Amino acid sequence: MAVDELTLFIVDDDTPVREALAALLEAEGFKVALFATGTEFLEAIRPNLHGCIVLDIDLPGFTGLEIQRILAERDIDLPIIFLTGIGDVEKARTGFKGGAVDFLEKPVDAAVLIEAVRRGLELGVRRDVEKAQHSKLEALYSHLTPREKEILVLLARGYSAKQVGRALGISHRTAEIHRARIMEKLGVDSLADLVALAIGIGVR
């Protein structure tokens, strides 16, 4: 997914600021969607949307940090760039802990904002790719039999086929056959790749 196919969500209750940000970022070729309140934004946002959020941290009603928390609870992983009219170290620290891309003070420099937006959108693309890859791996994993999943756990812990056989009370040859089938189902060609895949999907 290219950066220019993504949406930049601007959430700010100050109409002149919101419209100025939109004009600036649209002039740079970004697709923007504007929201005056956190409630309006939260009602519109969906897990399948892609892009980045420019979010006023001092919104009335739901604050920017509250919106960040709610999005996390909904498993919506859009990168966030916080804007604030007053420098606040504690808020910035909280925002960064929550995964914010940047924390910019108003009036924000145009070049600084544009650079932060590009980083945010690129991060969003990487996260989408990683999610898609993880979903694919989980789908492949779901096709393993219970016995194959049991063996995969041992392989992920570094067990050889012989050690797997001993642990499960099966022959070395049977363990090797299971390992080969697991690798075929998961689409990997080496034991190292198999272990990396297992770790990637949380098999321990």
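The values are calculated or read from the model by the stated rules, or taken from the named source; none is laboratory data. For clarity, every value in this text was computed on a predicted model and none was experimentally measured. Note that each Cβ is placed from the backbone with ideal geometry, even for glycine, and that neighbours are counted across all protein chains shown. When the accessible area is computed, the model is the full protein with side chains, heavy atoms only, and any ligands, DNA or RNA have been set aside. Shrake-Rupley method; radii C 1.70, N 1.55, O 1.52, S 1.80 Å.
Take every pair of alpha-carbon atoms less than 8 Å apart whose residues are at least six positions apart; their mean separation over the length of the chain yields a relative contact order of 16 percent.
Once all protein chains are placed together, Thr7 keeps about 20 Å² accessible to a 1.4 angstrom probe.
Shape class of the chain from the alpha-carbon gyration tensor: prolate, with a/c at 1.5 or above and a/b greater than b/c. Among Ala33, Thr145, Val117, which residue has its Cα furthest toward the positive end of the charge dipole of the chain, with +1 on Lys/Arg Cβ and -1 on Asp/Glu Cβ? Checked the options; the winner is Thr145.
Let me know the charge dipole size of the chain about its Cα centre in debye, to the nearest 20, where only the beta-carbon of Lys, Arg (+1) and Asp, Glu (-1) is charged.
That gives a dipole near 1840 debye.
Measuring nothing but protein heavy atoms, the accessible surface of the chain at 1.4 Å probe radius is 53 percent carbon and sulfur. Taking the alpha-carbon centroid of each part, what is the distance from the range 167-197 to the range 1-50 in angstrom? Cα centres, the range 167-197 to the range 1-50: 47 Å. Heavy-atom accessible surface of the range 106-204, averaged per residue, reaches 58 Å², computed with a 1.4 Å probe. Over all Cα atoms in the range 51-149, the spread is summed up by Rg and Dmax: 17.3, 60 Å. Rounded to the nearest 10 degrees, the inclination of helix 15-27 to the longest alpha-carbon principal axis of the chain is 60 degrees. Dipole of the range 113-204 computed with +1 at Lys/Arg Cβ and -1 at Asp/Glu Cβ about the Cα centre; of Ser160, Leu186, Ala198, farthest Cα towards the positive end is Ser160.
Taking the longest Cα principal axis of the chain as reference, the axis of helix 110-141 is set at about 30 degrees. For the range 41-152, the Cβ-based charge dipole about the Cα centre amounts to some 340 debye (Lys, Arg positive; Asp, Glu negative; other atoms uncharged). List the lysines whose Cα lies under 28 Å from the Cα of Lys131, skipping any in the same chain that are fewer than 8 positions away. Excluding near neighbours in sequence, the set is Lys31, Lys97, Lys149, Lys185. Angle between the Cα long axis of helix 172-186 and the longest principal axis of the chain, 0 to 90 degrees, nearest 10? Helix 172-186 sits at roughly 30 degrees to that axis.
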